[in-house]
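The values are calculated or read from the model by the stated rules, or taken from the named source; none is laboratory data. The shown structure was predicted, so the numbers you read here are calculated from the model rather than taken from an experiment. Cβ: placed from backbone, ideal geometry, glycine included. Neighbour counts: every protein chain shown. These area figures cover heavy atoms from the full protein model, side chains too; ligands, DNA and RNA do not enter into them. Shrake-Rupley method; radii C 1.70, N 1.55, O 1.52, S 1.80 Å.
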Amino acid sequence: MTSIFKDIISKIGSGKKLLAVLIDPDKFDESKTNIFIQSLPAITTHIFIGGSSVEINKTQRTVQAVKKETSLPVILFPGDESQIAEAADALLFLSLLSGRNPEYLIGQQVRSVKQLKDSTLEIIPTGYILIDGGKECAVQRISGTLPISQIDVETIVDTALAGQFSGKQLIYLEAGSGANYAVSEEIISKVKQAVNIPLIVGGGIKNVSHLEAAFIAGADMVVVGTAFETGEFLQSGRLKAQYI
Ligand code: 1GP
């Protein structure tokens with residue numbers, strides 16, 4: 001199989017934009033996997049699976065159910081080391097760079113090695129940056145770290161660049177699942193200008209206009225979770241331009 005990361009680079013290189021739909025296993029009804037997958041818009045390019053805290057083995061069951069119904073790449077977006085499922089295609093190996101809690105910078109990562117060292121999962125080092133989305137989110141609560149204020153654009157840009165300099169292959173700007181407001185276009189645009197690795201943006205993207213604004217500002221991939229769970233995204237109309 002082609003490397004998921006190389007495929008992302010190649011698609012971005014040819015001017016495409018990517019949409020990842022996030023499934024939180026704890027909120028997902030496996031018996032409705034087929035209906036959920038069929039309902040996804042044609043611009044969906046990836047499925048992310050993960051949550052801040054997921055019941056043991058639920059991630060594995062969700063990955064298996066989803067893989068049966070789609071050929072889209074399935075990428076783990078784990079809240080912790082228990083959410084590693086071999087049946088997925090790749091894993092975002094996240095470091096929470098906005099925080100100063102060693103457990104989420106390197107602790108969970110070291111403990112996951114026993115499971116990952118013989119794994120066939122493609123591991124993609126990802127700099128994960130939590131940005132204030134207007135309310136306390138699960139990442140903030142569980143990691144015990146504070147998000148960076150949206151006003152502090154310079155710190156966000158420097159954090160993203162520090163991630164790139166440390167060898168991360170992706171930067172993920174996260175406003176938190178169900179955020180009141182998404183990462184601003186100014187932040188997306190300034191981070192995009194600063195880094196030369198793919199930029200993922202997620203949290204609080206509720207409709208097609210938010211998605212389009214993030215794409216135009218410079219996001220290479222946008223992640224949408226809650227608005228697919230509620231159906232809000234699908235009712236929000238069509239994209240104005242062709243992105244894929
Ligand atoms: C959260 O970025 C994702 O980790 C998606 O957020 O649920 O708000 O779409 P939403």
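A quick yes/no check of all residues on (1) touching a residue at least 24 places away in the same chain (Cβ under 8 Å); (2) out of contact with any Cys (no Cβ under 9 Å at 6 or more places or on another chain); (3) crowded, with 19+ Cβ neighbours inside 10 Å:
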site	(1), (2), (3)
ARG61	yes, yes, no
VAL66	yes, yes, yes
PRO73	yes, yes, yes
PHE93	yes, yes, yes
GLY99	yes, yes, yes
ILE106	no, yes, no
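Only one residue in ILE148, ILE142, ILE156, ILE171 is closer than 20 Å to ILE75 by Cβ and away from the ligand (no atom under 11 Å from the Cβ). Which one?
Working: ILE148 fails: closer than 20 Å to ILE75 by Cβ; ILE142 fails: closer than 20 Å to ILE75 by Cβ; ILE156 fails: closer than 20 Å to ILE75 by Cβ.
From the options ILE148, ILE142, ILE156, ILE171, the qualifying one is ILE171.
Any residue that is within 25 Å of LYS16 (Cβ to Cβ) and away from the ligand (no atom under 13 Å from the Cβ) - is there at least one of those in the stretch 101-122? If you could, list the steps in order and put the result at the bottom.
Kept after step one, since they are within 25 Å of LYS16 (Cβ to Cβ), are these residues of the stretch 101-122: 121-122.
With the extra rule that they be away from the ligand (no atom under 13 Å from the Cβ), the set shrinks to 121-122.
The answer is yes, given that some residue of the stretch 101-122 is within 25 Å of LYS16 (Cβ to Cβ) and away from the ligand (no atom under 13 Å from the Cβ).
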Enumeration of residues in the stretch 222-232 that are open to solvent by less than 10 Å² (accessible area, probe 1.4 Å) and either more than 8 Å from the ligand (Cβ to nearest atom) or under 20 Å from ILE129 (Cβ atoms) (or both): VAL222, VAL223, VAL224
Residue match in the stretch 14-26 (condition: surrounded by 16 or more Cβ atoms within 10 Å (Cβ to Cβ) and free of Cβ contacts under 8 Å to residues at least 60 places away in the same chain): yes
Members of the stretch 42-73 found to be under 20 Å from ASP7 (Cα atoms) and within 16 Å of the ligand (Cβ to nearest atom), listed by number: ILE43, THR44, THR45, HIS46, ILE47, PHE48, ILE49
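So in the stretch 208-221, with the set limited to residues that are part of a helix (DSSP H, G or I) and surrounded by fewer than 24 Cβ atoms within 10 Å (Cβ to Cβ), which one is nearest to the ligand (Cβ to nearest atom)? Quick ask: steps written out before the conclusion?
To start, the set of residues in the stretch 208-221 that are part of a helix (DSSP H, G or I) comprises 208-217.
From the residues that got through so far, the ones that are surrounded by fewer than 24 Cβ atoms within 10 Å (Cβ to Cβ) too are 208-210, 212-213, 215-217.
Details: VAL208: 13, SER209: 14, HIS210: 9, GLU212: 15, ALA213: 14, PHE215: 15, ILE216: 18, ALA217: 16 Å.
Among those residues, the one meeting the criterion is HIS210.
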Any hit, the stretch 98-105, residues being among the aromatic types (Phe, Trp, Tyr) and assigned to a helix (DSSP H, G or I): yes
